Structure formats: structure tokens, C-alpha cells
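Each remark here refers to the structure printed beneath this line.
The values are calculated or read from the model by the stated rules, or taken from the named source; none is laboratory data. Just so it is clear, the model here is predicted, and its values are computed rather than measured. Using ideal geometry, Cβ is built from the backbone for each residue, glycine included, and neighbour counts are taken over all protein chains shown.
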Amino acid sequence: MNTMASRVKISWPRTMGTHLKTPTARGLFSLMLLLALPARAQAQFTYTTSNGAITITGYAGSGGAVTIPETINGLPVVSVGDDAFYDTSLTSVTIPSSVTNVGDYAFEGCVSLTSVTIPSSVTTVGDEAFYYCANLTNVTIPNSVTTIGDEAFVHCSSLAAITVDTNNPAFSSVSGVLFDKSQTTLTEYPGGIAGAPYAIPDGVKSIGEGAFEGCTNLTGVTIPNSVANIGDGAFEGCTSLTSVTIPNSVTNIGDEAFADCTSLTNVMIGTNVTTIGQYAFFDASLTSVMLPSSLVSIWDDAFEGCSRLASITVDTNNPAYSSVSGVLFEKNLATLIEYPGAGAGGYTIPDGVTSIGAEAFAYCGGLTSVTIPNSVTNIGEWAFLDCFSLTAITVDPSNLAYSSVAGVLFNTDQTTLIAYPKAKAGNSYTIPSSVTNIADEAFYDCTSLISVTIPSGVTNIGEEAFVDCTGLTSFSIPNSVASIGDKAFYSCYGLTNVTIGTNVTSVGEGAFTYCGGLTSLTIPNSVTNLGAGAFWDCGSLTNVTIGAHVTSIEDYAFYSCYGLTNVTIGTNVTSIGDYAFEECTGVTSITIPNSVTNIGDYAFDGCTRLTRVASGTGITSIGDYAFYSCYGLTNVTIGTNVTSIGDYAFYDCGLTSVTIPSVASIGQYAFSGARLTSVTIPTSLTNIGDGTFQSCSRLTNVTIPNNVTSIGQYAFSGTGLTSITIPLGVTGVWDSTFYGCIRLTSIAIPNSVTNIGEEAFGGCTSLASVTIPTSVTSIGDDAFEGCSRLTSITIPGSVTSIGDDAFEGCFSLTAITVNPSNLAYSSEAGVLFNIGQTTLIAYPAGIARSSYTIPNSVTSIGDYAFYWSTNLTSVTIPNNVTSIGQNAFSGAGLTSVTIPNSVTSIGDGMFQGCSRLTNVTIPSTLTSIGQYAFSGTGLTTINIPNSVTNIADEAFYDCTSLISVTISTNVTSIGAWVFGDCTNLTRVTVPDSVTSIGQYAFYYCSRLPSITIPNSVTNIGKDAFAECASLTGFYFQGNAPSLGSYAFAGDDNNATVYYLPWTAGWNTRFGGLPTALWALPYPVILNSSPGFGVQSNWFSFTIFWATNLPVVVEACTNLGSPIWSSVGTNTLTGGSSYFSDPQWTNYPGRFYRLRSP
């Protein structure tokens, strides 16, 4: 729910979504190949690990369609954490079946999200999980979900239905509305249901929190007599709701229940309502309201902001409340609770009133004056908030608690100034000399004041005392003042100069936030406390001197003071808080005194012009992201007492050198992206965290001490290291630890290492040799991918697991040798197999021989097995092979290949990029061709056998030499881009089994002259024939199919669409092209025309050809030894003629043909 009052309520960010920093998960290296290497899904996500399970905590991808991985590093993803995708640009998200929890605010603010798949593993959907997902159209709750948090789908303005699996034990849905299982609680009404009144079903007892919140289409609602409770925010923001009847069964109306229902002019409150919550009808358009006798509790501000409310009437039998002239009081008239918002002119509070409630006159814009009797002893906070026409508050002179002078409200002895009327005449004011205290909110929103003079006796300036006094330009706080309250000068953006007295000890939270005009400031030595956000977003502030007695610079103290160029930190400061100087882009240098022991998270994040930091000897801890993205920072002195450097502390800084003291821990990505050339890691360190030096491309030398036992993933990825010695004691080289170290020529792996992780040395293009010690048992996926200079490798007997594509892209690799003692793997002639040689795992790409015969023992060829083996021009695949992995031969030098009959499917990318492959023999046993299977090959013709039923997307994409294609008669769909960019394709036969031609299927087939579309085709996708510049004709044999956008687009597309008679759906233009009747080169019998076949006494059909030409019909009885005889001559008037044969019954069988005379 939203906070209803317009008063200032500062709360530092719940989630620092805008501060979430993640590095590029893979290094800068990329192979310059035709084929892109596969990306790792987890690179988009930040996550935590607990008890062997992953929780996604953040997302750093580019948005669009996102699939959350089921596992990361082999561990299951079980939770989407709080705020994980907060305010990101997702369009769709697929949650894997491993996830059981979707956290609070997980997808809040994902305004582009249109669809989400919640798997049947999820048990909990958190509070506001999909809040403000404005384009989400539908949601299905599986039977596993037992908990749905408050307002989970609120403000999903396009959400038309929430559907619940009928087997769900906790929830149900009726007409797209979400209920609990028993349908006694209405949980959520989708915001995208078209505007109409809604009748809540009988039997519902409670309307849940936020159930209808933000349903701007809702014009009316019927609440049945079964409802007892209307929850907090239940109808908040239902701006089209005009009238509500609350039945007698209701006892409670929750906080903000009808807040911001700006069209609500009428409400009937039932006779059994006992409680009306805070801001229940805030900002509604009510003109009057009747409170029942049952009411025993109402918040002071229940009708606040109802600017049209002229009267509040209370049933005379009510024991707790009463009303006089439309004003709400307690029963005994001792407390004035609420003055109606439409009240205008002056108002005299009746004698006998002792208390004015909090916010009693708030937002009464027409109120010009108030007279307070002598009986009043208490005035609540915010009593006169936003009374922008109020010129005077007058107090009876005999009042013993309060007084007034010239319309300004004071306490009785005038030592405290309580309230200055917003519309009081004049633009300057001198506070009387008797005043020692300026109360909270005293001058709140007095925008007309340009100057206020504070006498020397004032010791305290209260909270929010001068908020939004935008006319103030200068302010002098006298030496008598000891305390400046929280938000005291908040948003006084006209203020250019402030003098703070020398006895001020405390500057409160947000005291000068958004004072954008302030240019310089001296915080005197008397100040000991500088509150959080004290100078937040004072963008013109250029110079700050922090007094010697300030002990702590609190969180956000100078956040986004982007004009700040000079900061002097006092010598007694011990702590610099989180975000204290974040985005202070003008600061160029900073000296941190010896007194400081802690630099908080994000303290100097984004200080892009900061070039020098001198830190004192007292610092023990540097927080996460402390100097993140300080691009100009080239020099930093880290104090000798620092024991901890946080995550991303110096990420992407310009540091060229750094001396790291005897720290106990360095956080992940702490120096990632820095310009370091060398670094000495202290002997105190035992763990080098994930990404610590990632992308330090100038780092050529590093010494790892012997105490280090663990080196994290991406730790040195993308660095300029030329050699590295891993100390004895390190047990694993983890995922991508040295990925993309393109200058690394040698590495010493000790015998303590048991695991070489995924992509551990991927992209190390200069690595010529590596010795795998006998301690290693596991080599991960892509461990040496792209090590293009690696010539040989020996697998010791200890290795029991080699991951997928471990040696992919090792173009110089001539041999993989397996120790004969290995029980899992073997090698023959340098080729890697499993122990039984039934699976060929890897054929080294650098082998010089041009032909290779796969051993007869092999039944399976692994993924990427012959990847980029450019020397290999022919390969013999034995008949025992039943499985060939994806990209098995991609990029190889093959010129021809015969696929044996034992193979039934061609996997994804199997021959992708084999540019010299001109001939392939496909067996009649084949049933499917995978995505990109022949993409980029040199094939000139292809005959796809009838056994094939499926051709995947892009299967023949970019086959620029392909001239002719015959497609299997059992294929039903031609997928997306299947023949896209086949620029020399001139002939293609589409069989009548095909029902769909996908998007871009023949895109840029620029030499294709014509194509015949069989009558089976019902759909042609987007851009299917776009940019086919040579096409002159589309010949359709059936009805007009549905057509995607731009299906025939192209500046040079001058084709005509031809169609047959009696087919439907044709107009003068189709897909932007002109249409015409199909003029065939020879006469045809239309077997799909009306009247075809056996009739009452004859056999008949329609002949179609050219207009007014004669056609001879001939018949015979035996096609084996045909003797054709003429049975009729028809003239094709209008291009067609109807033929009937009354003699057909005289023959056991008769065949017909056509010829010209």
C-alpha cells in the first residue's frame, strides 16, 4: 500500500536495486569464429548458496525472455529471492521446476513482463511478488502453492485472469478471481478485467488486503451480507468506483480500504461497523458520510484529503462519537476528531473542547481561520497540515496551554512556536525573542516566506520545521541552537546559504535533503552527530568542511551531491556510513583521517572523478562496493590495519597499483576491472574470492602465497597474466578461474588439485602446454575450450570425469593421450574415447590427416567431437553409430559425408559452418534434422527423404551455395529461418503435407524465381519470403492462408500471387502483392473443385487452363497397356469447363487425361 499523506516520510531505500553491481561473468575473450560459443545462463544472475542449494538474489541481464536455470554449478536453484528481479526489463520468465519459493517483491516493477510460468514445485509466492507488473496478462497457480503473500498481483493492470489448478488445497478461482479454497476470502481481483461492476459471491466473509487495489476499471462492486471484514487497502486506487454500499454484516473497514478512490462520491456504511481504519477514505470525493451507532473506533485521519466532504454525521445513538455542524467529535465533545475537508471560511472551536486530534484540520484547503477556546489543553500533530488558505490561528487569551500572536500559534508562555499559518500575509517573519523551541512542522510548506529571523534564545529546531519552504534563500541558525531536527529544511531548494551556529551538536536525518541551491557549508566543531541523508541530493554543494567533533558520517549523508569537489573530514570521525558520498561525481581527492575505522558499503560508489584516496592507519574494514566504478581512481593507500576488503570494493577503478596489507579476507570481484599491472597477495590470505581480479587486463604478474588454499571462480579471468604458479594446498581450479587469460603461456598445477572446473582455462589462446597432475579426478565442461595453441595433453589415470566440450576450439591440439591405467577413458591415435571405445569424445582439431575412419566399436559420437577439425576432409562413420551429438562436426573441413542407416536424427548444429561440405548422403531411416544442422555449409542440392518428419529452425540457414531442395512428403512444418539467406536457391518443392511455413523461412532467397504453395498450407509466418528479389510468382493451390506481417516484404518484390478458381479468401491484393487467376502451362483436372467425382449418373470434373482454348479429354481402362481414346472436347470459356462422362459405369475402371487438339 502507498503512504497516503503528502507529508514528508523519508525512508532510505528498502532495496538497493539501483546499486546492484555484477561483473561480466565471462571474460573479454571470444573466439573469432563463424559459430558463437555457447553462453552460460548463470552469467545473468547473482545468487547465494546455502545448504547445497541456490537462491537467485539479482539479475544483471539485458531483459527480454528469461529462463531461470534449474541448476548453477551443479547445485539446484530452489528460490527466487526477495527483490531478485525488482524493476528489471523482463518480458517473460520461466521458473524451473526446482524452485519452491518466489520471494517478496521478486518481480515487483517488471512493467514489461507479459507472461510467467510458475511450476508445480513452487509452494510460496511472497508479498508483492508481482506488484506493478503492468503488462502481465494471465497467471496460473499450480496445485503446489499453499501460500500467496499480500498484494502479490496488485497493480497488474493488464492481468485479466488468475487461474488456480483445481487440485490446489489452499486456493481456488472463479471467473479469474482468486479466493482461498473455501471461497470465504477474496484474495485478489485481477486489475485487467474489463470495466464492469462486480458482485462478490455470497459466502465470502473477508475481502483480503489489497484485493481490488489499483483496479482502475472497476466501476461498481456489490458486497454480500456474508462479508464481515474489508481488509487494508482492499479497494485502494479504484479510481472508477463511484458508489459503495457496505452491508450490515461488515464490522471492520481496514486502513486505506477506499483510499485514492477519487471518483467515490457516495458510501453507505452498514449498521454493524465497529472500526474504520487509518486513511480509510483518503482522497475520496465523498460529499457527506453517515457513521452508524455501532462505531467504536475511527482513526483521526480516516477521511483526510476528502476535499469535497462537507459534513460528517453520526447516528445520535452512537456511544463513542457525535457530530456538530458536520464536524466529528468524541461523544462528550471534548475532542475534535475531524473537520470536513470542504469546510470553508473561519471556524470557531466550541467551548468545552479540550483536545484537537492529530490531523484534525489536515487538507482543509478552504479553511481561512481557526479560533481556539480557552478549554483546549492539547493539539495533536499535523493538526493544520496543508491548510493552504489558513491566514490566522487565534487563541482565547484566557487559555492556559496555548496563545497566539498575530495569528501564529504558541504555547502559553510563548517559548515554543507551534504553527505558522501557511497563508499568513507577508513574506518575512521574525520569531519573538521569548521563543526557545521551534516545534515540529511549525513552518511546514510555508512557500511564501522568503526570510525567517530566529532569535538568539532558540535552542531547538524541530523535525520538519521548515519542510518545503521553497522561498527561503538564506538562513542563519544562531549559536544558541543545539539541535536541528530530522528533515528540518527538507526540500528548501531555494536555500543557497546556511550558517550553522557554533553550539549545534546534532544535525538530524535528512535535515537539508534536496536543498539543491546550497553551494558551501561548514559544519562547526560543536556538531557530534551528522544524521543519515543530512545533505542528500544537495547538487550545488561544492565545498564541505566536517567539524572536528563529528564521530560518524551516517548513511547517505552526502548522497548524490554531484557538485561537491572538496570534502574535509574531521579528525574524530570513526565511521563513514553506507552510501555516504555515493554519486558525488565532482570529488577528485579524499583524505580519510586515522580516526576512521570503517568505510561503509557504497560509501564512494560512482565518484567517477575521484583520483586519489589517502586512508588513515585506523581503518580495519572497507565495505562492499566502497569505491565501485571510481574510474578515475589511480592511487589509493590502504591502511596497514585493514583486515577486510568487501565485495566489489574497487571494481572497475582506474588503479594501476595497490599494496594490500595483511588482510584476512578480500571480497568477490574486489579489484575486478582495475588497471593493475602487478599485485602481491599477502600471506595472511587463505582464500582468493570469486572474480577478485577479473578483467584486470594489464595484470601480468601475481604471486600467490603458499597459505592460499582456495581460488574462486573467475578470480583471474581476463587478466594479462603470462604465467602462474598455483601453490600446493589449493584443491581446485574452479569455474572460469583463468578464463580468457589470452597471454597465459604456462601454468603449474600442484598435486593437491583434484578438480579443474568448467571453463577453468577457457579462452587461454596462448597456452601451449599444461600438465594435469595425478591428483585430478574431474575436468569440467569447456575446461580448455578455445586454447588454440595447446598442442597436446595427457589425461592421468586418476581422472574419472571429463565434462562436455572440454577441448572444444583447441585448434592446434594434435593428440589427447590417456594414461593406460585410466579406468574411465582411453585414447587411440590421439583421439579420446571412453574406456570401451563405444563413445568418441574428442577428435583433436589440430590433427593433420585429411581422412579418418571411426572404429567399428563406436556407437556414439559426442557433442563437438570433431569441432573445427579443418584438416579433416572426409570421415567414415560405421553402421554401428546410432547417436551423433550436437555440433559434432561443426566447422570441420569435410567435403562430403555419408550418414549411415543406423542414425535416425541429425542433432543441432551437426555440420554447422562446414563451408566445404558440398555433398551429404542422408539415409532413408532419418526422421529429424536439428537446428542449424547444415547452416553455413557448401551444399548445392539436398534431397530430404520421406522418412524425415521434422526439420528444426535454421537447419539450412546461410547455405549460400544451395540451388535445389526437395522436402520430405511427411514434413508438416517448415520452421523459422530454415532456408533463410540461401541466396542461390532457385528450386524448392514444398510437399502437400506442409501446413505451416515459419517466419523468415525463405528470407533473402534472392534468386528464387517462383514457388508453388500446396493447398495444405494454412499459415505463412512473418517475413517468410521477405527480400526475395527475383520472385515473380507465388502459385497457391488452395485457399488463402493466414499471413504474418511483412511475409512478402521487400523493395524489389514485384511478384504476383496466383490462385486457382473456387479457392477462397482472395482479394485483388494479398500480402501487399497483386493477385491473378493462375494461368497454367498445361490443362489440369481440379480434383478439389465442386462437382468432382461420382455424381448421380456420371463421373465429372472441372478442367482449368487458358481462356477459350479447346481441350480434348481422353480415357483408357488399363494404365499398364494404355489405349487412349477421345471421349470429349471442351472449350474453356473463361478458362474452365465442366466435363461429365455418362459411360463410366460401363467399365470396371477408367482413367482420364487431357491434351490440346
Being of a type outside the set (D, E) and on the phi > 0 side of the Ramachandran plot is the filter here, so list the residues in the range 1018-1077 that pass it.
Y1046, G1050, W1062, G1065, G1071, G1072
Being in contact with a strand residue (DSSP E or B) (Cβ under 6 Å, 6 or more places away or on another chain), of a type in the set (A, V, I, L, M, F, W, C), over 16 Å from N73 (Cα atoms) and without any contact (Cβ under 8 Å) to a residue 60 or more places away in the chain, is that true of even one residue in the range 739-749?
yes
For residues that are modelled with pLDDT under 95 and over 21 Å from the mean Cα position of the chain (by Cα), tally how many sit in the range 144-161.
3
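Take the conditions at negative phi, assigned by TED's automatic domain parsing to the domain that holds D782, of a type outside the set (D, E, K, R) and part of a loop (DSSP other than H, G, I, E, B) and apply them to L767. Does it pass?
Here the answer is yes, as L767 does meet what is asked.
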Residues in the range 331-369 that are surrounded by 20 or more Cβ atoms within 10 Å (Cβ to Cβ), among the hydrophobic types (A, V, I, L, M, F, W, C) and within 45 Å of the chain's Cα centre (by Cα) total 4
With the requirement that a residue be of a type in the set (S, T, Y) and within 16 Å of W868 (Cβ to Cβ), what does the range 795-847 give you?
S812, T814, Y843
I'd like to verify a number: residues in the range 496-551 that are among the hydrophobic types (A, V, I, L, M, F, W, C) and touching a Pro at 6+ places or on another chain (Cβ under 7 Å), how many?
2
Could you tell me how many of the residues in the range 499-531 are within 43 Å of the chain's Cα centre (by Cα) and farther than 17 Å from G570 by Cα?
12
Given the residues S968, S928, S915, S947, which is the only one that is under 23 Å from I1011 (Cβ atoms) and of a type in the set (G, A, S)?
S968
Can you tell me how many residues in the range 1040-1071 are among the β-branched types (V, I, T), at pLDDT 90 or above, part of a loop (DSSP other than H, G, I, E, B) and crowded, with 16+ Cβ neighbours inside 10 Å?
0
Is at least one residue of the range 788-802 in a strand (DSSP E or B), over 36 Å from the mean Cα position of the chain (by Cα), crowded, with 19+ Cβ neighbours inside 10 Å and of a type outside the set (D, E)?
yes
Taking G345, is it modelled with pLDDT under 95, touching a Ser or Thr at 6+ places or on another chain (Cβ under 8 Å) and not aromatic (F, W, Y)?
no
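Given the criteria of a type in the set (S, T, N, Q), within 30 Å of D781 (Cβ to Cβ) and assigned to a loop (DSSP other than H, G, I, E, B), does S62 qualify?
Yes.
Just checking, which of A548, A534, A511 is out of contact with any helix residue (DSSP H, G or I) (no Cβ under 6 Å at 6 or more places or on another chain) and surrounded by fewer than 24 Cβ atoms within 10 Å (Cβ to Cβ)? Write out each step before concluding.
On the way: A534 fails: surrounded by fewer than 24 Cβ atoms within 10 Å (Cβ to Cβ); A511 fails: surrounded by fewer than 24 Cβ atoms within 10 Å (Cβ to Cβ).
Going through A548, A534, A511 in turn, just one is out of contact with any helix residue (DSSP H, G or I) (no Cβ under 6 Å at 6 or more places or on another chain) and surrounded by fewer than 24 Cβ atoms within 10 Å (Cβ to Cβ): A548.
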Mind listing whichever residues of the range 412-435 are of a type in the set (V, I, T) and either surrounded by fewer than 15 Cβ atoms within 10 Å (Cβ to Cβ) or not in a strand (DSSP E or B) (or both)?
T412, T415, T430, I431, V435
In the range 70-110, residue nearest to C156 (Cα to Cα) [restricted to those that are touching a residue at least 60 places away in the same chain (Cβ under 8 Å) and out of contact with any helix residue (DSSP H, G or I) (no Cβ under 7 Å at 6 or more places or on another chain)]
Y105
Of the numbered conditions (1) closer than 22 Å to D232 by Cα; (2) at pLDDT 95 or above, W299 fails exactly one; give the number of that condition.
(2)
Take the residues of the range 1103-1157 that are surrounded by 13 or more Cβ atoms within 10 Å (Cβ to Cβ) and among the basic types (K, R): which is nearest to P1061 (Cα to Cα)?
R1153
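Conditions (1) surrounded by fewer than 21 Cβ atoms within 10 Å (Cβ to Cβ); (2) touching a Ser or Thr at 6+ places or on another chain (Cβ under 7 Å); (3) aromatic (F, W, Y), marked per residue:
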site	(1), (2), (3)
V831	no, no, no
A845	no, yes, no
S851	yes, yes, no
S857	yes, yes, no
G862	no, yes, no
F866	no, no, yes
Going by the structure shown, is N143 surrounded by fewer than 18 Cβ atoms within 10 Å (Cβ to Cβ) and closer than 13 Å to P169 by Cα?
yes
Among (1) over 29 Å from Y1000 (Cα atoms); (2) surrounded by fewer than 17 Cβ atoms within 10 Å (Cβ to Cβ); (3) not charged (D, E, K, R), the one test that F1099 misses
(2)
Test: residue in the range 123-136 that is outside any loop (DSSP other than H, G, I, E, B), touching a strand residue (DSSP E or B) at 6+ places or on another chain (Cβ under 9 Å) and closer than 17 Å to A234 by Cβ
no
Under 6 Å between Cβ atoms, at least 6 apart or on separate chains: pull out the pairs that start in the range 446-474 with a residue that is within 14 Å of C492 (Cβ to Cβ) and end on any residue that is of a type outside the set (D, E) and outside any loop (DSSP other than H, G, I, E, B).
S451/S428; V452/Y429; I461/I438; I461/I484; A465/I438; S474/N497
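Yes/no per residue for (1) closer than 13 Å to Y1152 by Cβ; (2) at pLDDT 75 or above:
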{"residue": "L1073", "(1), (2)": "no, yes"}
{"residue": "P1090", "(1), (2)": "no, no"}
{"residue": "I1103", "(1), (2)": "yes, yes"}
{"residue": "N1108", "(1), (2)": "no, no"}
{"residue": "V1112", "(1), (2)": "yes, yes"}
{"residue": "A1115", "(1), (2)": "yes, yes"}
{"residue": "P1122", "(1), (2)": "yes, yes"}
{"residue": "S1126", "(1), (2)": "yes, yes"}
{"residue": "G1134", "(1), (2)": "no, no"}
Determine if the range 624-641 includes at least one residue that is assigned to a strand (DSSP E or B) and of a type in the set (G, A, S).
no
Where V125 falls short, out of the listed (1) surrounded by fewer than 22 Cβ atoms within 10 Å (Cβ to Cβ); (2) out of contact with any Phe, Trp or Tyr (no Cβ under 7 Å at 6 or more places or on another chain):
(1)
